[in-house]
Amino acid sequence: MYTLESHGFQKFKVPKKNFNYLIEFKNLVENTSNSIINKKQKLNNIHKHNFDKEDFNSFRLKIFNQINNKKNIHEIIFRIYDDLIVSLIGKDICVQKNINFSIQRPFDQQRAPFHKDSPPNSPYEIVVWLPLVNCFKDMSMYLFDIKKSKKIDYFLSKSNGISHDTYAKKNGVCCECKFGELLIFSAPTYHYIPVNSQKDSRWSINCRYKNTFSPNGMKGYLDFFEPLRYSEITKLAIKYEEK
Ligand SMILES: [Fe+2]
């Protein structure tokens, strides 16, 4: 079993009591998608829609904008796994302003490169990766033991004839994740998205959280993060300071 403490990443289950929130969010995304393409299409089958006339990237952008513009979107998502995040980083929580979407049709080559988020992000951030469909085999992503980060830094700095894909599949952990499960990894943990060679489209969101009082990364705090929750003591301090 891979744990955040030992490896920098861990798989969790959405608590039963919050499962309805997960379904509600998935429905919100599916309804948004349907309204954009003007047709009913399940998320995992989005590749069956003909995007000839409409560029797929513009579809991605519309999903990103419309979901991020929903009122209280951070609360809608955070309630899916709130206790889990509090147990990891405490009650003073800030969240990345925009939620990222990853929509990957079968054999789509377009994806993020092999990377880690920190630096430039703060090593005190965690990334939540929440799939909206079952992600088996290479529909999921590869995560790498944080203890191997120096070795990977070296690998990525050299051109040695080994492809990122080959290296990742040999040295990474393919974190299959069903709908109802989520991955959490720390920002300095390397990750790699393979080409999805399954028959379904992959839909996932990722969002970063950090304790408000932990050190910031190189990116400006107010440009990228906003407060989400305050602890009782912080609420008291803010109130007291105002007087
Ligand atoms: Fe990343």
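Residue-wise test of (1) buried (at least 20 other Cβ atoms within 10 Å of the Cβ); (2) away from the ligand (no atom under 16 Å from the Cβ); (3) of a type in the set (Gly, Ala, Ser).
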site: HIS164; (1), (2), (3): no, no, no
site: LEU182; (1), (2), (3): yes, no, no
site: PHE185; (1), (2), (3): yes, no, no
site: PRO188; (1), (2), (3): no, no, no
site: LYS199; (1), (2), (3): no, yes, no
site: ARG202; (1), (2), (3): yes, no, no
site: MET218; (1), (2), (3): no, no, no
site: ILE233; (1), (2), (3): no, yes, no
When region 136-158 is checked residue by residue, the ones that are more than 16 Å from the ligand (Cβ to nearest atom), under 19 Å from SER204 (Cα atoms) and surrounded by 12 or more Cβ atoms within 10 Å (Cβ to Cβ) are PHE136, ASP138, MET139
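For every residue, the table says whether it meets (1) modelled with pLDDT of 95 or more; (2) more than 18 Å from the chain's Cα centre (by Cα); (3) under 28 Å from THR189 (Cα atoms); (4) in a helix (DSSP H, G or I).
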{"residue": "LEU22", "(1), (2), (3), (4)": "yes, no, yes, yes"}
{"residue": "PHE25", "(1), (2), (3), (4)": "yes, no, yes, yes"}
{"residue": "LYS39", "(1), (2), (3), (4)": "no, yes, no, no"}
{"residue": "ILE46", "(1), (2), (3), (4)": "no, yes, no, yes"}
{"residue": "ASP52", "(1), (2), (3), (4)": "no, yes, no, no"}
{"residue": "ASN57", "(1), (2), (3), (4)": "no, yes, yes, yes"}
Under 6 Å between Cβ atoms, at least 6 apart or on separate chains: pull out the pairs that start in region 91-103 with a residue that is under 14 Å from LYS70 (Cα atoms) and end on any residue that is part of a strand (DSSP E or B) and charged (D, E, K, R).
LYS97/GLU226
The number of residues in region 90-128 that are of a type in the set (A, V, I, L, M), within 14 Å of the ligand (Cβ to nearest atom), under 25 Å from VAL195 (Cβ atoms) and modelled with pLDDT of 90 or more is 3
Odd one out for ASN38 among (1) under 27 Å from GLN198 (Cβ atoms); (2) in contact with a strand residue (DSSP E or B) (Cβ under 9 Å, 6 or more places away or on another chain)
(2)
LYS147 passes all but one of (1) under 24 Å from PRO120 (Cβ atoms); (2) under 18 Å from the mean Cα position of the chain (by Cα); (3) assigned to a helix (DSSP H, G or I); which number fails?
(2)
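The values are calculated or read from the model by the stated rules, or taken from the named source; none is laboratory data. Keep in mind the model is a prediction, meaning the values are calculated, not measured. With ideal geometry, Cβ positions are generated from the backbone for all residues, glycine too; neighbour counts draw on all protein chains shown.
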